[in-house]
1. Answer yes or no as to whether residue 184 is out of contact with any helix residue (DSSP H, G or I) (no Cβ under 6 Å at 6 or more places or on another chain), within 21 Å of residue 230 (Cβ to Cβ) and not in a strand (DSSP E or B).
2. List every residue pair whose Cβ atoms lie under 6 Å apart, where the two residues are 6 or more positions apart in sequence or sit on different chains, the first residue falls within segment 1-24 and is surrounded by 11 or more Cβ atoms within 10 Å (Cβ to Cβ), and the second residue, located anywhere, is in a loop (DSSP other than H, G, I, E, B) and modelled with pLDDT of 85 or more.
3. Checking the condition loosely packed, with under 14 Cβ neighbours inside 10 Å, over 21 Å from residue 131 (Cα atoms) and in the same structural domain as residue 126 (by TED's automatic domain parsing), which residue from 218, 207 passes?
4. Just name the residue that is surrounded by the most Cβ atoms within 10 Å (Cβ to Cβ) out of those in segment 167-193 that are in contact (Cβ under 8 Å) with a residue 60 or more places away in the chain and within 19 Å of residue 109 (Cα to Cα).
5. Quick test for you: out of 97, 88, pick the one residue that is modelled with pLDDT under 90, surrounded by fewer than 18 Cβ atoms within 10 Å (Cβ to Cβ) and under 17 Å from residue 211 (Cβ atoms).
6. Are any of the residues in segment 200-216 over 17 Å from the mean Cα position of the chain (by Cα) and either modelled with pLDDT under 90 or assigned to a helix (DSSP H, G or I) (or both)?
7. Answer with yes or no whether residue 195 is within 22 Å of residue 231 (Cα to Cα), in contact with a helix residue (DSSP H, G or I) (Cβ under 9 Å, 6 or more places away or on another chain) and in the same structural domain as residue 140 (by TED's automatic domain parsing).
């Protein structure tokens, strides 16, 4: 194991130091490959601190879904997941850019469709109105994480000739003077059918995080209706609630 040390004379609290060291261990290829982390009692002895201090730091990373702890087995690094906060949202590509993560477009399809009753209601347009539809399969280097389907209000003026490898909301703002301002979201759990399972490299019946999003401009007018199907084992929503 790489040499990790605690600075007992540091003003930084011990549990924070342990947390930082554990984060370094998480990035170690050996631990990412599935090797168990040292036991808490062994880490406590190695660092010359109490086991409770190690447990406090470990709990923090377990709660962040960075570590998985199983009784009688040990603690290991969880599969790399993507997380997003509901109080601060971007397009998927912007979120990944903010996190310094390189995403991949596995598939992009677009075209014109007639709005069905659900889409017409969400975009506040007549049923049957011709609208632009964008479908994207996106993820990280190890495989797809999310399948998006977006429908756009005709007032935006999309032509279908846009370069959708760019940030979506950058296109709307810079090319069409359309400012995404608010996001109204609905999230629930579903199971993957055969079609979704194939797209996301999953098994049918495995859990999917299903999100519906209505994006509105500063005047609260809908500009995009988006549905997203996320691999539940690779994506986490974080919610900060203040009293």
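The values are calculated or read from the model by the stated rules, or taken from the named source; none is laboratory data. Treat the numbers as computed from the prediction; the structure is a model and nothing was measured. Please note: Cβ atoms are built from the backbone with ideal geometry, for glycine as well, and neighbour counts cover all protein chains shown.
1. The answer is no for residue 184.
2. 14/49
3. Result: 218 is the single residue among 218, 207 that is loosely packed, with under 14 Cβ neighbours inside 10 Å, over 21 Å from residue 131 (Cα atoms) and in the same structural domain as residue 126 (by TED's automatic domain parsing).
4. 168
5. 88
6. no
7. No, not satisfied.
Yes/no per residue for (1) assigned to a strand (DSSP E or B); (2) over 25 Å from residue 198 (Cα atoms); (3) modelled with pLDDT under 95:
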| position | (1), (2), (3) |
| --- | --- |
| 105 | yes, no, yes |
| 127 | no, yes, no |
| 133 | yes, no, no |
| 144 | yes, no, yes |
| 161 | no, yes, yes |
| 171 | no, yes, yes |
